[in-house]
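What follows is one structure encoded as structure tokens, with my remarks underneath.
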Amino acid sequence: MLAARVDGGSTDLALATVPVPTPGAEDVLVKVMAAGLAPGMMTLLARGAFPRLPTTLGHEAAGVVAAVGADVPGFREGDRVRVHPNLACGRCGYCRTDREMMCAQQAMVGHAAFGSGPLPLYDAYHDGGLAEYVRIPYWLVDRLPDSVSFDVGAKVHDLANAVRALKCAQLPLGSTLVVTAATGTMGTATIKLAPHLGVNRLLLVGRGAKRLAAARTLAGDLAADTVAVEDLASDWETTQALTGALRQLAPAGADAVIDYVPEGPAGVQAMAAMAHGATFVHMGANRMPLPLPMAAIMRNCWRFVGTRANTRADAQDVLWLLDTGALVVDELITHRFPLVEVNRAVSVMQSRQEPIWMAVVNP
């Protein structure tokens, strides 16, 4: 089969012909119909977060069951499925309380390893879905409703990440929510899911007014305002101009900020526009330190939450919303590429020279 591989000592994707995986007794072999692309994948690869090389990349995949192992219950050839990529022990306190991203074995199929201990599941299942087939343990396979396309099925993981961020915000009904990096994959996913988790009004922050205007349409009937950084004064990073713009739109402050910005002060300035008792959720891996005295957190009764992934429950929530028709996200898939053009796909995704919400590869 054809697969997008990375060799040891390299940070470049290369197409290679490799054997189709042989499923073990508890494995499902999935013929991949769509695989998602995520910007952070290549960043983590460059930082050495992929400890098992060579490997096939790709943690988001959906397709059709091609074969099942002898001990696999409930699945048969031809079933439509999506791969849940989060590898965890399933037995520790974190795994038993809907926090498996904190498990000492936490890693992702076709992606990085985050755990601090031995990684037996990652050792066995590090090869991912940017290929014509992927092998996965049956307990990490979800049925894909007939009404949900394979392309959307491949992006359930990102949608579930947005669900996790929204849950972490503990939003009251009728809340006002600030979303930073609102025109990216996670920002647009959050816009689509916000009405289902208590949000009444969105304040969307992004770099450019044109892309924000397009993202705003995703909110439907939900009230939404935008703040484009390019429209602020050139010294906005040092003058708190973003905070001022958000305070002008919501004088009483926002009930929460979900921050996806990977660098720079936008998240910090959005935080300063929060109401008393609000929550700041970060999921952008920004390395900028918080210039914030502890007294400010105490005085404002703010909560700060960091989260890096979703859980199985989050993914199942998304699948339920999609199955019932309450959530329709096909418009989020803006780019599709054949597997043979995977390097061009990664380049387009990383450069962001053109508007891009979600991208998939179709082997």
How many nm is it between the label spots at ARG76 and LEU15, if each spot is 7 Å from the Cα in line with the beta carbon? 3.6
What residue among GLY153, GLY244, GLY187 has the largest mean-square fluctuation in a Gaussian network model of the chain, using Cα springs under 10 Å? GLY244
Once label points are set 7 Å from the Cα along Cα→Cβ at both ASN300 and ARG143, what is their separation, rounded to one decimal in nm? 4.6
List the extent of the Cα atoms of the stretch 143-242 along each of their three principal axes, largest first, rounded to whole Å. 50, 29, 23
Rank GLY74, GLY115, GLY284 by mean-square fluctuation in a GNM of the chain with C-alpha springs under 10 angstrom and give only the top-ranked residue. GLY74
Of ASP314, ASP127, ASP151, ASP71, which has the most accessible area with a 1.4 Å probe, and how do the rest follow in descending order? ASP71, ASP127, ASP151, ASP314
For a quick check, take a GNM of the chain with Cα springs below 10 Å and name the residue from ALA296, ALA224, ALA189 with the largest mean-square fluctuation. ALA296
Lys/Arg Cβ at +1, Asp/Glu Cβ at -1, dipole of the stretch 1-160 taken about the Cα centre: which of ALA67, PHE50, MET1 is farthest positive-ward? PHE50
Using the crude model of +1 on Lys and Arg Cβ and -1 on Asp and Glu Cβ, and no other charge, please compute the dipole size for the stretch 39-160 relative to its Cα centre, in debye to 20. 320
Give a quick list of trypsin sites (Lys or Arg not before Pro) in the stretch 293-363 that DSSP marks as loop, anything other than H, G, I, E or B, with at most 16 other Cβ atoms within 10 Å. ARG308, ARG352
Take the Cα of GLN350, step 7 Å along the line toward its Cβ, and report every residue of the stretch 45-78 whose backbone nitrogen sits under 12 Å from that point. 45-47
Taking 0.36 nm per residue of sequence separation and subtracting the Cα-Cα distance, how much length would be gained by fully extending the chain between ALA104 and ASP123, in nm to one decimal? 5.4 nm
The chain: antiparallel bridges as % of DSSP beta bridges, rounded to 5, reads 55
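The values are calculated or read from the model by the stated rules, or taken from the named source; none is laboratory data. Small disclaimer: the values here were computed from a predicted structure and weren't measured. Note: ideal-geometry Cβ built from the backbone for every residue, glycine included; neighbour counts use all protein chains shown. Side chains included, ligands, DNA and RNA excluded: accessible areas come from the protein's heavy atoms. Shrake-Rupley method; radii C 1.70, N 1.55, O 1.52, S 1.80 Å.
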